1. Of everything in region 70-101 that's within 16 Å of the ligand (Cβ to nearest atom) and over 19 Å from the mean Cα position of the chain (by Cα), which residue is surrounded by the most Cβ atoms within 10 Å (Cβ to Cβ)?
2. Which members of region 164-194 meet the condition of being more than 13 Å from the ligand (Cβ to nearest atom), among the β-branched types (Val, Ile, Thr) and not in a strand (DSSP E or B)?
3. How many residues does region 26-57 contain that are within 16 Å of the ligand (Cβ to nearest atom) and in a helix (DSSP H, G or I)?
4. Gly148 is checked against (1) part of a helix (DSSP H, G or I); (2) more than 14 Å from the ligand (Cβ to nearest atom); (3) touching a residue at least 24 places away in the same chain (Cβ under 8 Å); (4) under 30 Å from Glu102 (Cα atoms) and fails just one. What number does that condition carry?
5. Which is outside any helix (DSSP H, G or I), in contact with a Leu (Cβ under 7 Å, 6 or more places away or on another chain), on the phi < 0 side of the Ramachandran plot and within 12 Å of the ligand (Cβ to nearest atom), of Val61, Val113?
6. Going residue by residue through region 170-184, is there one that turns out to be in contact with a Gly (Cβ under 6 Å, 6 or more places away or on another chain) and surrounded by fewer than 17 Cβ atoms within 10 Å (Cβ to Cβ)?
7. Going by what's in this entry, would Ile124 be described as more than 16 Å from the ligand (Cβ to nearest atom) and either in a helix (DSSP H, G or I) or out of contact with any Leu (no Cβ under 9 Å at 6 or more places or on another chain) (or both)?
8. Could you please find all residues in region 209-219 being closer than 21 Å to Asp21 by Cβ and either part of a helix (DSSP H, G or I) or free of Cβ contacts under 8 Å to residues at least 60 places away in the same chain (or both)?
Amino acid sequence: MRPIEGMSILVTGGGSGIGADCAKRFCEQGAKVTISGRRLEKLEQVQAEIGERCHIVQGDVTCDDDRKRMLQAALEHGDSRLDALINNAANMYRQPVDQYREEFLRDAFDTNVISAMMLSSAAIPYLEESAGAIVFIGSTHTKRAFPGASPYATTKAALEGLTKVMAAELGLRQIRVGCILPGAVSTELNLRAGLFSAEEANARYDAVAGLHALGRIGTGTEVAEGVEYLIRAEWVTGVALEVDGGIGLGVSHF
Ligand SMILES: NC(=O)c1ccc[n+]([C@@H]2O[C@H](COP(=O)([O-])OP(=O)(O)OC[C@H]3O[C@@H](n4cnc5c(N)ncnc54)[C@H](OP(=O)(O)O)[C@@H]3O)[C@@H](O)[C@H]2O)c1
């Protein structure tokens, strides 16, 4: 397996949650990591914690100019290299089926899917040079059906489909493509969507813990370990890897 040391890695949405934990884990192992996000103060907090191996670039993944700046920043920080692109930035989009609003659905797909497709496309020349990897962050929402969450679940299903075709298309150019399907991890995701208060979000995580075969929710670091595997494993491509404490099994004790 390839060592993380010396890699140049771009993590979108790295100012919090799973993205921040990926940045920490990869910098600890000697990578140069560039993190992006819209809120500068969140990026600065992560950078202050990690140190100079972590570089920040403020931007919105739905904006083409911002995506170009993210890529440029990662190349500059990484001595003109890019070894891995982690398409992690996303939002939670919940809306009941009988209340769909077209604008909301378009925003969901724009942010969670199309931005990642466009950034991946732009990164291909650099990943080809490094025989690098693209990782998408999917979700257990494609394994378990949560009523009300169809907009989010369908964006994550799109990423799984995309992973396979991209892997097939880019394999002979030595670019590997993978997708991680995390189970529940306590992050800002639900809070940022304005759907729940902190108390409600914590109550949901407590309730959902029992759906995992291992009886607990996971940590961002545990998800980062899965991302690390996909970046490092040189004969693995096109897979959707469940890093989910077994929630995707649909365990029932009844
Ligand atoms: N937490 C879970 O239980 C769970 C489970 C399965 C999958 N996931 C997935 O894991 C990934 C990370 O989520 P998380 O749980 O760590 O939540 P999080 O802490 O909310 O992280 C998401 C990050 O994406 C950034 N982001 C959102 N929209 C953006 C945009 N338009 N442009 C740039 N950055 C944007 C946010 O930063 P700004 O708002 O500052 O831009 C935020 O830092 C997501 O793909 C999520 O769907 C999470």
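Since every read-out is calculated from the coordinates, none of them should be taken as a lab result. In this text, all values refer to a predicted model and were calculated from it rather than measured experimentally. FYI the Cβ positions are ideal-geometry reconstructions off the backbone, even for glycines, and counts take in every protein chain you see.
1. We begin by selecting, within region 70-101, every residue within 16 Å of the ligand (Cβ to nearest atom); these are 70-74, 84-95.
Still in the list and also over 19 Å from the mean Cα position of the chain (by Cα): 72, 95.
Values: Gln72: 13, Gln95: 16.
Top of the filtered list is Gln95.
2. Here is the first cut: in region 164-194, the residues more than 13 Å from the ligand (Cβ to nearest atom) are 164-178.
Retained after the next criterion (residues that are among the β-branched types (Val, Ile, Thr)): 165, 175, 177.
Selection gives Val165, Ile175.
3. Looking only at region 26-57, we keep the residues that are within 16 Å of the ligand (Cβ to nearest atom), and these are 26, 33-50, 54-57.
Remaining after also requiring in a helix (DSSP H, G or I): 26, 40-50.
Result for region 26-57: 12.
4. So Gly148 meets the others, but not (1).
5. On the way: Val113 fails: outside any helix (DSSP H, G or I).
From the options Val61, Val113, the qualifying one is Val61.
6. Taking every residue of region 170-184 in turn, none turns out to be in contact with a Gly (Cβ under 6 Å, 6 or more places away or on another chain) and surrounded by fewer than 17 Cβ atoms within 10 Å (Cβ to Cβ).
7. On the way: more than 16 Å from the ligand (Cβ to nearest atom): yes; either in a helix (DSSP H, G or I) or out of contact with any Leu (no Cβ under 9 Å at 6 or more places or on another chain) (or both): yes.
So Ile124 fits the description; yes.
8. Kept after step one, since they are closer than 21 Å to Asp21 by Cβ, are these residues of region 209-219: 209, 212, 214, 216-219.
Across region 209-219, the qualifying residues are Ala209, His212, Leu214, Arg216, Ile217, Gly218.
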